[in-house]
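A.B. asks: Have a look at the structure that comes next, please.
We did not get these values from a lab; they are worked out from the coordinates using the rules stated. This structure is a prediction, so every number in the text was calculated from the model and none was measured. Here the Cβ is made from the backbone with ideal geometry for all residues, glycine too, and neighbour counts use every protein chain on show.
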Amino acid sequence: MDVHMPVMDGPTTVKVVLARFPETKIVAWTVSDSSDDLLRMMQAGCAGYVLKDVGPTELQHALLAALRSESPVPRRMIPEVLRRVSESVPLSQAASVALTSREMQVLRGVAKGHTTKRLAKDLGLRSPSIESHLRNIFKKLGASNRGEAVSAALRAGVISLSDL
């Protein structure tokens, strides 16, 4: 899904598609390296964000990552997005989100960009256990993907930039 399209923009189209087909994984594939566009697409429900300057192998990796409930985003865009999100963090929400210590470990790994496979290895768990923790994290944070979970956790004060 591109960000800028005639008739209906990317975020609106993503919302329409997901309202009708909620299990669909949508990845933004665009030339826009604007953090505003990345945030709008992720807030609309995109599973990831890929720039069109990547090769076919990187695009394939991003699509497969999205299918694994990971949130592929260009690494070069992460610092700006995190800076913007952290500036709007109301710290008073931290008490309203109660994650277990294992969920916090998984969330911190996700915030660092680790894959399910790497998290499983690092934490001595199996991938299905990581996926279960992720589902719980998403539910508690009101998120539908990894990027939204990290963003929500930063806003709620559950994690900070030092966790990244």
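A.B. asks: Excluding Ala62 itself, calculate the net charge of residues whose Cβ lies under 13 Å from the Cβ of Ala62, where each Lys or Arg counts +1 and each Asp or Glu counts -1. Walk me through the numbers before you get to the answer.
C.D. replies: On the way: positive: Lys25, Lys52, Arg68, Arg75, Arg146; negative: Asp53, Glu58, Glu70.
Net local charge, Ala62 excluded: +2.
A.B. asks: Can you tell me, using C-alpha contacts under 8 Å and at least 6 residues apart, the relative contact order of the range 109-164 as a whole percent?
C.D. replies: Numbers: 35 pairs, mean separation 16.3, N = 56.
Answer for the range 109-164 is 29 percent.
A.B. asks: Going by how many other beta carbons lie within 10 Å of each one, how would you line up His114, His133, His61, fewest first? Let's see the in-between values first.
C.D. replies: Numbers: His114 19, His133 24, His61 15.
If I rank by nearby Cβ atoms, fewest first, I get His61, His114, His133.
A.B. asks: Each residue of the range 113-130 in order: what ³J(HN,Hα) in whole Hz does its phi give by Karplus 6.51 cos²θ - 1.76 cosθ + 1.60, θ = phi - 60°, with x for Gly and Pro?
C.D. replies: Once rounded to whole Hz, the list reads x, 6, 7, 4, 4, 5, 4, 4, 5, 4, 9, x, 10, 8, 3, x, 5, 4.
A.B. asks: Add -39500 (n - 2.57) for each DSSP H run of 4 or more in the chain, then divide by its residues: what number comes out at 222 nm, to the nearest 500 deg cm²/dmol? Could you put the intermediate results ahead of the total?
C.D. replies: Details: 8 runs with 88 residues, N = 164.
One gets -16000 deg cm²/dmol as the mean residue ellipticity at 222 nm.
A.B. asks: Just the ratio, please: alpha-carbon radius of gyration of the range 1-60 over 2.2 N^0.38 Å, N its number of residues.
C.D. replies: Values: Rg = 11.1 Å, N = 60, 2.2 N^0.38 = 10.4 Å.
Here the Cα radius of gyration is 1.07 times the empirical estimate.
A.B. asks: Using a Gaussian network for the chain with springs between C-alpha atoms less than 10 Å apart, which of these wobbles most: Leu38, Leu154, Leu123?
C.D. replies: Comparing Leu38, Leu154, Leu123 in the GNM, the peak value goes to Leu123.
A.B. asks: Any idea what angle helix 101-111 forms with the longest principal axis of the chain, computed on alpha-carbon atoms, 0 to 90 degrees, nearest 10?
C.D. replies: Compared with the principal axis, the helix lies near 30 degrees.
A.B. asks: Using modelled backbone amide H atoms (1.01 Å from N, in-plane), which distant-in-sequence or interchain residues come within less than 5 Å of Ala28's amide H?
C.D. replies: Residues meeting the criterion, in which the H sits 1.01 Å from N, are Ala47, Gly48, Tyr49, Val50.
A.B. asks: Another one. Describe numerically, in nm with one decimal, the distance between label points set 7 Å from Cα along Cα→Cβ at Asp122 and at Asp163.
C.D. replies: The two pseudo-label positions are separated by 1.3 nm.
A.B. asks: One-quarter of the Cα convex hull surface for the chain, in nm²?
C.D. replies: Numbers: hull surface 38.4 nm².
The Cα convex hull of the chain, projected and averaged over all directions, gives 9.6 nm².
A.B. asks: Once you charge only the Cβ atoms, +1 for Lys and Arg and -1 for Asp and Glu, what is the size of the charge dipole of the chain about its Cα centre, to the nearest 20 debye?
C.D. replies: Values: 22 positive and 16 negative charges, 123 e Å.
Rounded to the nearest 20 debye, it is 600 debye.
A.B. asks: For the chain, set up a GNM with springs between Cα atoms under 10 Å and report which of Pro22, Pro79, Pro11 has the largest fluctuation.
C.D. replies: Judging by the Gaussian network model, the answer is Pro22.
A.B. asks: So, in nm, how far is label Glu80 from label Thr24 when the simple model puts each one 7 Å beyond its Cα toward the Cβ?
C.D. replies: For Glu80 paired with Thr24, the spin-label model returns 2.8 nm.
A.B. asks: Got a sec? How would Thr12, Thr115 order by Cβ neighbour count within 10 Å, fewest to most? Working shown, then result.
C.D. replies: On the way: Thr12 13, Thr115 16.
Placing the least packed residue first, the sequence is Thr12, Thr115.
A.B. asks: Separation between the Asp53 and Thr115 pseudo-spin-labels, each 7 Å from Cα along Cα→Cβ, expressed in nm?
C.D. replies: 2.4
A.B. asks: Related question: For the range 118-158, what percent of Cα pairs sit more than 12 Å apart? Working shown, then result.
C.D. replies: On the way: 476 of 820 pairs.
Pairs farther apart than 12 Å: 58 percent.
A.B. asks: Here is a further query. Give me Val150, Val14 ranked fewest to most by other Cβ atoms within 10 Å of their Cβ, as a rough exposure proxy. Before the final figure, lay out each step's value.
C.D. replies: Working: Val150 30, Val14 24.
Ordered by Cβ neighbours within 10 Å, fewest first: Val14, Val150.
A.B. asks: Related question: Farthest toward the dipole's positive end in the chain, which of Cys46, Pro11, Ser35, given Cβ charges of +1 (Lys, Arg) and -1 (Asp, Glu) about the Cα centre?
C.D. replies: The residue sitting farthest along the positive end of the dipole is Cys46.
A.B. asks: Of the residues Ser69, Ser35, Ser129, which exhibits the maximal mean-square fluctuation in a Gaussian network model of the chain defined by a 10 Å Cα contact cut-off?
C.D. replies: In this elastic network of the chain, the residue with the biggest mean-square fluctuation among Ser69, Ser35, Ser129 is Ser129.
A.B. asks: First select every other residue whose beta carbon is under 14 angstrom from the beta carbon of His114; then total the charges, Lys and Arg +1, Asp and Glu -1.
C.D. replies: Details: positive: Arg68, Arg75, Arg108, Lys112, Lys117, Arg118, Lys121, Arg146; negative: Glu70, Asp122, Glu131, Asp163.
Spelling it out: positives minus negatives among the neighbours equals +4.
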